[in-house]
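Have a look at the structure below, then the notes.
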Amino acid sequence: MEVGDLTAKASKTIPSTFVGTIPDIAQEGHLYKAEGYSFWFQSAAPIVLESRLPDPYYEHFLLMQEIIVLALQFELTFDDLDRLQHMVNTWVAQYKEYYYQYDYTRLPACPLTIHALLHLPQYIQIAGPLWASWAFVMEQFCGHILPAVKNCVRPYEHLDNYIQRRAQMQAVLLKFHLPSLAKPRINYTYAHGEKISSRERTYPQFNMIVLGAPVCCNVEVNTQLMNQLGKYFGLVYAEELHLNGQDVRSRISTNTMVRYGRFRLTGDGDCFRTASLIENSRHSRDNLFVRYELLPDANASIGDAPDAPVRRVHYGQLLDIYYVEFITDLVNDVRMPYLLARVQECQTNGLNAALPKNPLVIY
């Protein structure tokens, strides 16, 4: 019961790009489809089952999670398939030991799907990666047309009519080059090859990032924000331009500062919103957590040692997004534009949650 409740509550902090709404898996498991089960096994279950399953059973589940992650890769080598076969063999052997226990009265615990797992690597070798043969796309389309069924006695006529009308509508749109039947409320243009709306903006220096509303051009720079900006630019320019802390802060052109409420990466990349937008919307999905990488000095504690940057993965909550200019040359008024994100860091000890060896990353 607790596992199902935690699963349902997790929907709030999971971006919809990852998965649709995931209900209580204990009470409403019948509502789960392939997408929901895939996400639950790979991302949610290692968290909600930790400390709730005995260690052998929890480790056994984590092995299944690793099998799923590896089997769903877009590219697999023959070495990967050999490793997958070994993992599946180990999992099935442990399953028999833990659940079947070699007791004929427990045979119902051994459905055919358990044996079918043993042939999974062979099927992938014959038919290619799972993305090339699975029925997930068809399942998504079935979910799209299901609401068209309004009569349980004659469902197929409803489906036929809906699909026919949908095809006719698409033909009309393509023939007359119509973006949609209704006039769009937002105008779209192209900048650097990316389609952006009238509510979005890009900067030439940062053409991989599209910034969105709400936009504030009169940013109130309080002491905390100024100190944070000063520390950042101090690391960048203090030594190069021989500036002290006050000089660094004086070169931050606060009148050029613009605060944005959201941003997205070009090329159908991830979308993020700032904390204030999430807090003001009770029913929105929480997509303010970001992943970023820093390069701390491994020799920072050694005074005269050379700089040895080490790449570390960090996670945090996106508080604000700022465009600001820093004056590098006061005489000629030379400015360098910056796009900065103010992030509240999550203490994860530099662990990368995307790696199978780190199934449980908490903060």
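Quick one: T113 ticks every box in (1) polar (S, T, N, Q); (2) in contact (Cβ under 8 Å) with a residue 12 or more places away in the chain; (3) part of a helix (DSSP H, G or I) bar one, so which box is it?
(2)
Which of (1) aliphatic (A, V, I, L, M); (2) without any contact (Cβ under 8 Å) to a residue 60 or more places away in the chain; (3) within 19 Å of Y37 (Cβ to Cβ) does L70 not meet, given it meets every other one?
All conditions are met except number (2).
Take the residues of region 152-164 that are assigned to a helix (DSSP H, G or I) and charged (D, E, K, R): which is modelled with the highest pLDDT?
Among them, the one singled out is D160.
Let me confirm something: among V258, V236, which residue is modelled with pLDDT under 90 and closer than 23 Å to I327 by Cβ?
V236
Looking only at region 308-344, which residues are of a type in the set (D, E, K, R) and under 30 Å from I68 (Cβ atoms)? Give the steps one after another, and end with the answer.
Start the filter on region 308-344 by keeping residues that are of a type in the set (D, E, K, R), which leaves 311-312, 320, 325, 329, 333, 335, 342.
Across region 308-344, the qualifying residues are R311, R312.
Just checking, does region 208-216 include any residue being exposed (fewer than 13 other Cβ atoms within 10 Å of the Cβ) and more than 24 Å from the chain's Cα centre (by Cα)?
No, because not a single residue in region 208-216 is exposed (fewer than 13 other Cβ atoms within 10 Å of the Cβ) and more than 24 Å from the chain's Cα centre (by Cα).
Being surrounded by 16 or more Cβ atoms within 10 Å (Cβ to Cβ) and farther than 27 Å from L265 by Cα is the filter here; which residues of region 8-24 pass it?
Scanning region 8-24 gives A8, P23, D24.
Return the only residue of A167, A213 being in contact with a Phe, Trp or Tyr (Cβ under 9 Å, 6 or more places away or on another chain) and either at pLDDT 80 or above or not in a strand (DSSP E or B) (or both).
The unique qualifying residue is A213.
Listed here are the residues, each with its yes/no results for (1) outside any loop (DSSP other than H, G, I, E, B); (2) over 27 Å from A354 (Cβ atoms); (3) out of contact with any Lys or Arg (no Cβ under 7 Å at 6 or more places or on another chain); (4) outside the structural domain of S197 (by TED's automatic domain parsing).
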site	(1), (2), (3), (4)
F233	yes, yes, yes, no
H242	no, yes, yes, no
T254	yes, yes, yes, no
V258	yes, yes, yes, no
G269	no, no, yes, no
F272	yes, no, no, no
E293	yes, no, no, no
Y315	yes, no, no, no
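Return the only residue of V153, V221 being surrounded by 12 or more Cβ atoms within 10 Å (Cβ to Cβ) and either at negative phi or outside the structural domain of M336 (by TED's automatic domain parsing) (or both). Outline the logic, then answer.
Numbers: V153 fails: surrounded by 12 or more Cβ atoms within 10 Å (Cβ to Cβ).
Result: V221 is the single residue among V153, V221 that is surrounded by 12 or more Cβ atoms within 10 Å (Cβ to Cβ) and either at negative phi or outside the structural domain of M336 (by TED's automatic domain parsing) (or both).
Restricting to region 236-254, name every residue that is surrounded by fewer than 18 Cβ atoms within 10 Å (Cβ to Cβ), closer than 27 Å to G212 by Cα and in contact with an Asp or Glu (Cβ under 9 Å, 6 or more places away or on another chain).
S253
Sort out which residues of region 303-342 are loosely packed, with under 13 Cβ neighbours inside 10 Å, closer than 30 Å to D286 by Cα and in contact (Cβ under 8 Å) with a residue 60 or more places away in the chain, and write them in order of number.
Result: no residue meets the conditions.
Would you confirm whether any residue within region 279-287 is in contact with a Ser or Thr (Cβ under 7 Å, 6 or more places away or on another chain), touching a residue at least 40 places away in the same chain (Cβ under 8 Å) and part of a loop (DSSP other than H, G, I, E, B)?
Step one: filter region 279-287 for residues in contact with a Ser or Thr (Cβ under 7 Å, 6 or more places away or on another chain), giving 285-286.
Still in the list and also touching a residue at least 40 places away in the same chain (Cβ under 8 Å): 285-286.
Next cut, part of a loop (DSSP other than H, G, I, E, B) only: 285-286.
Within region 279-287, one or more residues are in contact with a Ser or Thr (Cβ under 7 Å, 6 or more places away or on another chain), touching a residue at least 40 places away in the same chain (Cβ under 8 Å) and part of a loop (DSSP other than H, G, I, E, B).
Going through region 25-42 one residue at a time, which ones are buried (at least 17 other Cβ atoms within 10 Å of the Cβ) and in contact with a helix residue (DSSP H, G or I) (Cβ under 8 Å, 6 or more places away or on another chain)? Let's see the steps before the verdict.
Initially, region 25-42 is screened for residues buried (at least 17 other Cβ atoms within 10 Å of the Cβ), giving 25, 36, 39-40, 42.
Within region 25-42, I25, W40, Q42 meet the criteria.
So how many residues does region 170-207 have that are part of a loop (DSSP other than H, G, I, E, B) and either surrounded by 10 or more Cβ atoms within 10 Å (Cβ to Cβ) or modelled with pLDDT under 80 (or both)?
Matching residues across region 170-207 total 15.
Sort through I126, I163, I145 and tell me the only one that's under 33 Å from the mean Cα position of the chain (by Cα) and exposed (fewer than 10 other Cβ atoms within 10 Å of the Cβ). Let's see the steps before the verdict.
Values: I163 fails: exposed (fewer than 10 other Cβ atoms within 10 Å of the Cβ); I145 fails: exposed (fewer than 10 other Cβ atoms within 10 Å of the Cβ).
On inspection, the qualifying residue turns out to be I126.
Within the set of pairs 6+ apart or on separate chains, which have a first residue in region 5-22 that is basic (K, R), a second that is in a loop (DSSP other than H, G, I, E, B), and C-beta atoms under 8 Å apart?
That search, which allows pairs on different chains as well, returns K12/R285; K12/D286.
Please state which of the following conditions V361 fails to meet, knowing it meets all the rest: (1) crowded, with 17+ Cβ neighbours inside 10 Å; (2) within 22 Å of L211 (Cα to Cα); (3) of a type in the set (A, V, I, L, M).
Answer for V361: the failing condition is (2).
Quick one: which helices (runs of 4 or more DSSP H) lie wholly within region 1-81 and hold at least 3 residues that are under 20 Å from N352 (Cβ atoms)?
In region 1-81, the matching helices (runs of 4 or more DSSP H) lie at 45-48, 55-71.
So, of the residues in region 126-140 that are modelled with pLDDT under 75 and not acidic (D, E), which turns out to be nearest to D80 (Cα to Cα)?
W134
The values are calculated or read from the model by the stated rules, or taken from the named source; none is laboratory data. Being a predicted model, the structure only gives us computed values, none of them experimental. Neighbour counts run over all protein chains shown; Cβ positions are idealised from the backbone, glycine included.
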